[in-house]
Amino acid sequence: MTLRIQQLIDRWGKPDGAVANPQQTLGPVCTDSRRLTAGDFFVPLVGERFDGHRFLEQLPLLGAQGAVVSMGWTGAMPDGLLHWRVDDTLVAYQQLALWHRRSLGLPLVAVTGSAGKTTTRELIRSVLAPLGAIQASEGNNNNDVGVPLTVLGTGAGDAAVVIEMGMRGPGEIARLSRCTEPDVAVITNIGTAHIGRLGSREAIAAAKCEITAALNPQGVVVIPAGDPLLEQSLASVWSGRVLRVCLEDDPDITADLIGVVQGDHLLVDDVSIPLPLEGRHNARNLLLALAVGSHLGVELATAAQLQVDVPGGRNRCLQQGGLTLLDETYNASPEAVLAALDLLADQPGRRFAVLGTMLELGDRSVALHQQVAARAAALKLDGLVLVDGGEEGQAMAEVAAGLDCLSLVVTPEQAAVPLGQWLQAGDVVLLKASRGVALERLIPLLPAV
């Protein structure tokens, strides 16, 4: 940690409790009392079903350096505990992250979008590796709590930090932008994920463009070229530099960085780069990462040695017996499912898909599920299992009724029955659904062929 106690005094005023040395470095910031160690600075967060303030009395026993405490907390306080009273401990947590971020003096890249955020984050992390150690979001740390956690975990020895920013409604990404002040903002795409909460693609575009709320005025936004909605929304909030990327055969599009897919390589400015992940959508995500690297001074040729480790359930190809599994079980939006189906269509051999419900699509849910089923039918898949017990599943089954092998089930486990009858060695199976479906439960039940 680069902050000192005096800096907190300057910003929050005189604390309660004794200050032995104002120039003492602030200890590691901790929000989980179960992980608190001696010398940590505790921030008790408040949720719907928990309140970290209940653990304040334990802090002296655990050797905590100090804490922030909500003005509204009227419970017991340990005698002599160094602490500041604040209106909102979550806001204080984000302020600590921001102050720490400013003291580091290193570039911060923020990534958002309707699909592909995590994959693009990992591609950017890999592209920037020549700069040195790269700190990046892990797992689901892309929200009000996770983003500050990543920033606060960044040290003076890191060369850059890559932050993933998720959202469930308007205003959230703006808040994350203000507590990180990015130098580079990446918007992977504007789709229909969360349209049930935001109401329209226009509202989704506006929410994603909130990433520019505290973007460095000398910074840059990196986007895929060719989306008029994204261009319009971005122009309404950002007048600075924009870098656009595209694939050469994208229709009627010009861009700053153009890639040509040649088999399992991507040709960019006469540099041939092995594609670390399959699919046109991932080739485009790689272009976004390369544009970030170019802006931050990374030579394009270094990308030829990319090593990308994508978390489970995303862009993962598994060999299970004689089957090839395209494991996309982590999450799903209409655009992501369509891209995954196109990837499946490029695979050799017989091709099967297991598609589960896509959540949070509101009153457009049935129509968007039908769109996905229509693509599966048009690709003439050798088999399709739909995992859904509601109206969406019935609608998808009707659209895909022309497929020779079609089954509608309610749970992931039930999908193993028709697949056990259909599959044979050499087959390829795509598994894709929203996180709530837990489609990964099907994987160990697939037949050994």
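Overview of results
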quantity: Search result, residues across the range 201-237 that are among the charged types (D, E, K, R) and either more than 22 Å from G293 (Cα to Cα) or without any contact (Cβ under 8 Å) to a residue 40 or more places away in the chain (or both); calculated: R201, E202, E210, D227, E231
quantity: Residues located in the range 146-170, provided they are under 17 Å from the mean Cα position of the chain (by Cα) and modelled with pLDDT of 95 or more; calculated: G146, V147, P148, L149, T150, V151, V161, V162, I163, E164, M165
quantity: Residue tally, condition assigned to a loop (DSSP other than H, G, I, E, B) and under 19 Å from the mean Cα position of the chain (by Cα), over the range 186-213; calculated: 8
quantity: Which listed residue, of L287, L277, L267, is in contact with a Gly (Cβ under 7 Å, 6 or more places away or on another chain) and either closer than 17 Å to T119 by Cα or exposed (fewer than 14 other Cβ atoms within 10 Å of the Cβ) (or both); calculated: L287
quantity: Within the range 141-177, considering residues that are without any contact (Cβ under 8 Å) to a residue 24 or more places away in the chain and under 24 Å from A193 (Cβ atoms), the one surrounded by the fewest Cβ atoms within 10 Å (Cβ to Cβ); calculated: N141
quantity: Qualifying positions in the range 202-248 - surrounded by fewer than 19 Cβ atoms within 10 Å (Cβ to Cβ), farther than 29 Å from V260 by Cβ and at pLDDT below 95; calculated: E202, A203
quantity: Residues that are in contact (Cβ under 8 Å) with a residue 24 or more places away in the chain and over 22 Å from P22 (Cα atoms), drawn from the range 78-93; calculated: L90
quantity: Condition check for R125: within 18 Å of V310 (Cα to Cα), at pLDDT 95 or above and within 8 Å of the chain's Cα centre (by Cα); calculated: no
quantity: Residue selected from the range 322-338 under the condition closer than 25 Å to P348 by Cβ and small (G, A, S), by the criterion modelled with the highest pLDDT; calculated: G322
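The values are calculated or read from the model by the stated rules, or taken from the named source; none is laboratory data. Keep in mind that what you see is a predicted model, and the values were worked out from it rather than measured. Ideal geometry is used to build each Cβ from the backbone, glycine not excepted, and the neighbour counts take in all protein chains shown.
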